[in-house]
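Shown next, in structure tokens, is the structure this report addresses.
The values are calculated or read from the model by the stated rules, or taken from the named source; none is laboratory data. Values in this document were obtained by computation on a predicted structure and should not be read as measured data. A quick note on method: Cβ atoms are made from the backbone with ideal geometry, for glycine too, and the neighbour counts reach across all protein chains shown.
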Amino acid sequence: MEGWGWQSVHDPDVLPDVMEGWTGAIASGAPFEMVFPLRGADGVFRPFLTRVVPVRDLEGNLRRWVGNNIDISEQVGIEIELRQSQKKLEEANRTLAEREAFLSSVLGSSTDCIKVLDLDGRLTFMSEGGQKVMEVTDFGTISGSPWPDFWQGQGNIEARAAIEAAKSGSSHSFVGRAETMAGNPRWWDVAVSPIRGSDGKPDGILSVSRDITASRENEEARDQLARIVENSADFIGMARLDGTVFFLNDAACRLVGFDRAAIATVTIADFFPPEEAEIVRDEVLPAVARDNFWSGERLFRHFGTDELIPVIYTVFPVTDHDGKRIGYATVTRDIRNRKRAEAQQQFLNDELSHRLKNVLAVVQSVASQTLRQADDLSSANIALAARLAALGQATDVLTAKAWTSADLRELVDRAFAPYGGVGERIRVAGPSLMLLPQVTLAFALALHELTTNAVKYGALSAPGGHVDLTWSITKGSNGEKPRFHLLWQEVGGPAVQAPIRRGFGSMMIERSLRSYFRGEAQLEFPTSGLVFTLDASLADAGSMVE
Amino acid sequence: MDQSISLNGRSILIVEDEAIVRFNLADFFEQAGYHVTEAESADEAIVILNRDSSISVVLTDVHMPGSIDGLKLAHYVRDRFPPTVLVVTSGESNPRQADLPTDSVFVPKPFDPQLVLDQIKRMAA
């Protein structure tokens, strides 16, 4: 090592460092130690540890340098490998930590309540998001408690069954009700499955519960609406755009006598008679397409009887979730009762007009006859007023029975009311009888004429006289129809003289009653007192009161 | 039914089920110089018409009991006795002109007999 001839085996890149170290050692006389590559006989550089120490004499003077070079290429290789695997380990640890962070953030952000239970069903883990939805403030307080205990009613039974299923290696789902830790009731959709260990056997249980309270409430609201539709008294139905019907409620089936089983075979048009179906096709449905609504009166057809049913037909489009039209819906109201009432109203109105005109025609005739036969205007005035009053009373009695009949006794009572009524001087006897409306006005007028005559000239004009008014019904024998008899007999009055002139009174009494009752009407004038008899078929007079 | 002597040779048939009204019309037309025949139904009127060819005027109500109403009677009269003067009257809704026979007139009830008489005279002229 005296000289510098060794430089030739050094790596030229490293040589300046080696030279600097060696020069420094020579100058200071300190030992030299360094690792550097040297070229071996095979021409390959290998790492060598070179140590050179100074050798001094007894006086301490440097005598020489002694050194050796040790090939350390093998140790260096191991060290490098060691460093590399350490780096790999660090990388693996970092990846693992990242994955764990990812998984726990997934668990944390999930709104599902993710739990791990032991095989006895006790809580060992609950995800962060799960603690939030279950309103858990401190998992420590529930950790280890039996999970099924959180469920009420049927949910508790389901939860226990799910645990048993998971223990035996199968999954189980159910919907149940459980309160959160804050006591708020919630509906949950729960999936329970086993967690398998390395041996493939369950060594834990995974339970994932989703809060479905909102959708459950929607469902309940929908169910309620469905029940309203089902139970509505209105006809409710739905059809596709091509007119084929896919829904009818019970009221709909009832209204048109339709068997629900045949629903797949009918279209909108089948619910209408042909001409109405044309209007629906050409006017109603196009209006629904244009205006989203149509409502009006139409006629339905009864499937069994073909009866036409007047309805208020209201139609609107049915859309899917995207607002796309998929068909038509109708809420249709049966208005038969209203139509009947309207018809009845119209009928009554017409009837009223008819009766009014008829009564006016009668009044016109009575007035005309009264004036024609009166001796003077003053007596005509008095007679006409009394006759119109009699007509008014008869009208009252008729109106009480909706102009369908008139109580005979009621007519009699009213006619006698101005003369003290029925009693000692006016004796009345006869069964209850309802007169036909068409004979009533004439009968009331005749009764009025008889009474007026009796008061003026007959039995009621003198003290002690009286009138017997009796009527009876005889049941016809040998298949004859029952007959109505009426007898007016004046007793105890002045001696009667037959009238010279037949005036309005006798015309009303005889001719008119003969015509109205289609029977015999007879006025007789024996001196003992006036007698009037009426004999007619009961069917032409009226009817017995049952 | 009352048969009275016609002063002017004209004869009227009054068909009316409301007797009080019928009697008054009969009185009125008798005083106007008509020979008056009364019927209380269309069925009775047909019997009379077939028996009595002298009737030149028929005044009929529409709604009457019987197998046919006054409107059918009017058509019958127009078909069977074409020259007859026809007056149809009713207290109910006015019939459409198309429902009436030709050369007939409808008079709503109650009516003024004098105006109807004038109408009949015009139609007969």
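Quick check on residue A:211: is it over 18 Å from residue A:123 (Cβ atoms), of a type in the set (Asp, Glu) and modelled with pLDDT of 90 or more?
Spelling it out, it is not the case that residue A:211 is over 18 Å from residue A:123 (Cβ atoms), of a type in the set (Asp, Glu) and modelled with pLDDT of 90 or more.
Given the options A:392, A:458, A:421, A:430, name the one that is surrounded by 19 or more Cβ atoms within 10 Å (Cβ to Cβ) and among the small types (Gly, Ala, Ser).
When all the criteria are applied, what remains is A:458.
Please count how many residues of segment A:191-225 are assigned to a loop (DSSP other than H, G, I, E, B) and either buried (at least 18 other Cβ atoms within 10 Å of the Cβ) or acidic (Asp, Glu) (or both).
1
Which one of the conditions (1) out of contact with any Gly (no Cβ under 7 Å at 6 or more places or on another chain); (2) closer than 14 Å to residue A:541 by Cα does residue A:435 fail to meet, given that it meets all the rest?
Result: residue A:435 passes all but (1).
If I go through segment A:88-131 residue by residue, how many of them are under 22 Å from residue A:182 (Cβ atoms), among the β-branched types (Val, Ile, Thr) and modelled with pLDDT under 90?
1
So residue B:95 clears everything in (1) over 16 Å from residue B:17 (Cα atoms); (2) within 11 Å of chain A (Cβ to nearest Cβ); (3) modelled with pLDDT under 95 except one condition, right? Which one?
Condition not satisfied by residue B:95: (2).
Go through segment A:226-254 and give me each residue that's in a helix (DSSP H, G or I) and either among the β-branched types (Val, Ile, Thr) or touching a strand residue (DSSP E or B) at 6+ places or on another chain (Cβ under 6 Å) (or both).
The answer is A:228, A:229, A:251, A:252.
Matching residues to (1) at pLDDT below 90; (2) closer than 21 Å to residue A:215 by Cα; (3) part of a strand (DSSP E or B):
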{"position": "A:136", "(1), (2), (3)": "no, no, no"}
{"position": "A:143", "(1), (2), (3)": "no, no, no"}
{"position": "A:158", "(1), (2), (3)": "no, yes, no"}
{"position": "A:164", "(1), (2), (3)": "no, no, no"}
{"position": "A:189", "(1), (2), (3)": "no, yes, yes"}
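Quick check: anything in segment B:65-82 at positive phi, within 14 Å of chain A (Cβ to nearest Cβ) and of a type outside the set (A, V, I, L, M, F, W, C)?
Within segment B:65-82, one or more residues are at positive phi, within 14 Å of chain A (Cβ to nearest Cβ) and of a type outside the set (A, V, I, L, M, F, W, C).
Quick one: would you say residue A:299 is assigned to a helix (DSSP H, G or I) and not hydroxyl-bearing (Ser, Thr, Tyr)?
Spelling it out, it is not the case that residue A:299 is assigned to a helix (DSSP H, G or I) and not hydroxyl-bearing (Ser, Thr, Tyr).
Please go through segment B:69-90 and pick out each residue that is free of Cβ contacts under 8 Å to residues at least 24 places away in the same chain and either within 16 Å of residue B:16 (Cβ to Cβ) or not in a loop (DSSP other than H, G, I, E, B) (or both).
B:79
Pull up segment B:106-125, narrow it to residues that are in contact with a strand residue (DSSP E or B) (Cβ under 8 Å, 6 or more places away or on another chain) and more than 19 Å from residue A:364 (Cβ to Cβ), then point me to the one that is surrounded by the fewest Cβ atoms within 10 Å (Cβ to Cβ).
The extreme case among them is B:124.
Show the residue pairs meeting these rules: Cβ distance below 9 Å; 6+ apart or different chains; first residue within segment A:467-485 and touching a residue at least 40 places away in the same chain (Cβ under 8 Å); second residue part of a loop (DSSP other than H, G, I, E, B) and of a type in the set (Lys, Arg).
Cβ pairs passing all conditions: A:467/A:425; A:482/A:475; A:483/A:475.
Please count how many residues of segment A:368-409 are more than 9 Å from every other protein chain (Cβ to nearest Cβ) and over 52 Å from the mean Cα position of the chain (by Cα).
Residues meeting the conditions: 27.
Mind counting the residues in segment A:489-505 that are in contact (Cβ under 8 Å) with a residue 24 or more places away in the chain and within 24 Å of residue A:388 (Cβ to Cβ)?
4
Of all residues being within 12 Å of chain A (Cβ to nearest Cβ), of a type in the set (S, T, N, Q) and over 15 Å from residue A:364 (Cα atoms) in segment B:7-45, which is surrounded by the most Cβ atoms within 10 Å (Cβ to Cβ)? Just the residue, please.
B:41
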